[in-house]
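First comes the structure, then the notes that go with it.
The values are calculated or read from the model by the stated rules, or taken from the named source; none is laboratory data. Everything numeric here is computed off the predicted structure, so don't read it as measured data. Every residue, glycine among them, receives a Cβ derived from its backbone with ideal geometry; neighbour counts consider all protein chains shown. Quick note on the areas: whole protein, heavy atoms, side chains included, nothing else; ligands and nucleic acids left out. Shrake-Rupley method; radii C 1.70, N 1.55, O 1.52, S 1.80 Å.
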Amino acid sequence: MDQPVRAGAAPQVNAKNDWVPSTTALRAYTMIFALIVLWAIFTYKTGGTFLSARNFSNLMRQTSITGVLAVGMLMVIVAGQIDLSIGSLVGLAGGASAIALTWMQLGVAPALLAAILVGVVIGVAQGALIAYANIPAFIVTLGGLLAWRGAIKGVSQGITIPVIEPTYKAFGQDYVSPQIGYALAIAALAAVVWFALRRHRSARQRLGSAAPSAAFTLAVGVLLPAALIIVFIQAMNSYAGVPIPVIVLLAVAVLGAFLTQNTTFGRYLYAIGGNPEAARLSGINLRLHTLAVFGLMGLLAGVAGVIYTARVGSASPDAGVLLELDAIAACVIGGASLMGGRGTVVGACVGALFMASLNNGMSLLNVENYAQDIVKGAILVIAVGLDMIGRSER
């Protein structure tokens with residue numbers, strides 16, 4: 001049985017097993033394999049349409065909204081909480097942004113700020129009720145799911161608010177030029193090399209001669225990610241370039257991964273979700289971190305609200321319906337545990353791509369909406385069931 005580790009302390013390293021793939025890594029590889037199989041099936045069934053340049057670009061834009069929400073939801077779930085209100089919050093934030101832009105004529109910058117501000121204020125308010133009033137997150141956010149949906153219906157008077165400002169719509173619809181796409185690829189490749197060298201240097205310091213060779217590090221830590229980056233950029237540029245919402249998702253994912261894996265705040269979230277009482281006894285402020293993580297979730301809901309509104313070109317009272325379930329499913333499919341304490345941003349993003357691929361592929365095959373809901377619900381239950389089986393075995 002694993003011994004508890006003091007929050008913030010460096011875990012002990014076993015030189016013999018340090019480079020053996022962890023359960024989390026194996027699950028990530030399994031998820032990627034499942035995604036490839038899913039893509040192969042849809043590509044075959046649609047006669048190649050699914051992975052055509054145009055549809056792949058559209059698929060990535062669809063993924064961006066769920067992916068941004070999944071990053072925030074991952075942090076919430078890791079901390080042992082849940083947020084059922086983000087779909088309604090996306091609708092409210094997007095509606096507030098459209099009202100500021102269209103009805104109040106405040107301009108693009110204030111409209112963007114309005115969405116972010118609405119998301120952060122509501123996220124912090126919900127976090128305060130959970131952390132300081134000790135109301136369960138399920139109840140607070142379930143109430144938010146209903147309340148914020150009612151709020152956008154009331155504020156918008158139940159009508160759809162069109163958005164015609166090209167600069168605003170660019171956040172959900174436009175692309176960067178292929179040259180910028182290649183520049184982003186070069187920056188990403190440089191980052192991959194830097195992180196790989198940093199990991200190799202750290203392993204050499206900890207393990208000495210037991211550490212893997214530089215050639216192994218290059219093959220595993222650089223070549224595969226580099227190949228994926230090059231293929232991705234080439235696929236995007238083969239149509240119209242990298243979509244702006246995809247760039248936003250990548251930025252959010254990188255920041256989220258850094259926050260969860262390389263900061264004290266992130267380590268504390270895992271400690272809180274893994275064992276709240278031990279985290280409290282270690283001196284971690286559970287209430288403050290719970291408040292902060294819901295504030296971050298609200299901020300990302302505001303970002304997703306802007307992307308959603310810009311992509312559709314309007315804000316409607318029913319915008320964002322069931323997005324919270326897609327975000328939760330993305331996290332669970334990507335390896336997060338609803339019990340808290342486990343999960344990665346990369347896994348959540350892969351899960352978001354899996355969910356978006358399901359939606360996109362079934363739509364191309366003209367699968368009825370009720371059947372799509374049944375399939376997605378079954379996949380969510382299976383993913384949670386496998387997680388519980390794995391926990392009981394451990």
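Computed over protein heavy atoms with a 1.4 Å probe, the accessible surface of the chain works out to 49 Å² per residue.
When the chain is modelled as a GNM with alpha-carbon springs shorter than 10 Å, which of M362, M75, M236 fluctuates the most? In this elastic network of the chain, the residue with the biggest mean-square fluctuation among M362, M75, M236 is M362. Solvent-accessible area of segment 75-117 (1.4 angstrom probe, protein heavy atoms only): carbon and sulfur portion equals 74 percent.
Shape class of segment 243-338 from the alpha-carbon gyration tensor: prolate, with a/c at 1.5 or above and a/b greater than b/c.
Solvent-accessible surface (1.4 Å probe) assigned to K169 amounts to roughly 50 Å². Counting only protein heavy atoms, what percent of the accessible surface of segment 124-184 is carbon or sulfur at a 1.4 Å probe? Using a 1.4 Å probe with all protein chains present, segment 124-184 comes out at 71 percent carbon and sulfur.
Inter-part distance, segment 262-312 to segment 329-383, computed on C-alpha centroids, equals 22 Å.
Computed with a 1.4 Å probe over protein heavy atoms only, the accessible area of D373 comes to about 90 Å².
Mean separation of Cα pairs under 8 Å and 6+ residues apart, divided by the residue count of the chain: what relative contact order is that in percent? This gives 34 percent for the chain. Going by accessible surface with a 1.4 Å probe and the largest first, W103, W39, W194 read W194, W103, W39.
Only protein heavy atoms count here; on that basis, with a 1.4 Å probe, E277 has an accessible area of about 90 Å².
Separation between the A125 and S202 pseudo-spin-labels, each 7 Å from Cα along Cα→Cβ, expressed in nm? In this crude spin-label approximation the distance works out to 4.0 nm.
Highest GNM mean-square fluctuation among P276, P245, P136, for the chain modelled with Cα contacts below 10 Å: P136.
With the Cα gyration tensor of segment 68-173 giving a ≥ b ≥ c as the square roots of its eigenvalues, does the rule (a/c under 1.5 for rounded; else a/b larger than b/c for prolate; else oblate) give rounded, prolate or oblate? Note, shape of segment 68-173 comes out prolate.
Along segment 239-251 the Karplus relation, 6.51 cos²θ - 1.76 cosθ + 1.60 evaluated at θ = phi - 60°, assigns HN-Hα couplings of 9, 9, x, 6, x, 4, x, 5, 4, 4, 4, 4, 5 Hz to successive residues, with x for each Gly and Pro.
Full extension of the segment from D174 to I36, taken as 0.36 nm per residue of separation minus the current Cα-Cα distance, would add 47.0 nm. In this structure, the amide hydrogen of A315, modeled 1.01 Å from its nitrogen in the peptide plane, lies closer than 5 angstrom to those of I161, V163, counting only residues at least 5 positions away or on a different chain. Ordered from largest to smallest accessible area (heavy atoms of protein chains, 1.4 Å probe), the residues M388, M297 come out as M388, M297.
Across segment 222-324, Cα pairs under 8 Å and at least six residues apart give a relative contact order of 11 percent.
Suppose R0 equals 30 Å. What FRET efficiency, 1/(1 + (r/R0)^6) with r the Cβ-Cβ distance, do A147 and L228 give to the nearest 0.05?
For R0 = 30 Å, the calculated efficiency reads 0.10.
Among S316, S238, S202, which one moves the most in a GNM of the chain with springs linking Cα atoms closer than 10 Å? Taking springs between Cα atoms under 10 Å, the residue moving most is S202.
Taking 20 °C and 1.002 mPa s as conditions, the chain diffuses translationally at an estimated 97 µm²/s according to Stokes-Einstein applied to its Kirkwood radius (Cα pairs).
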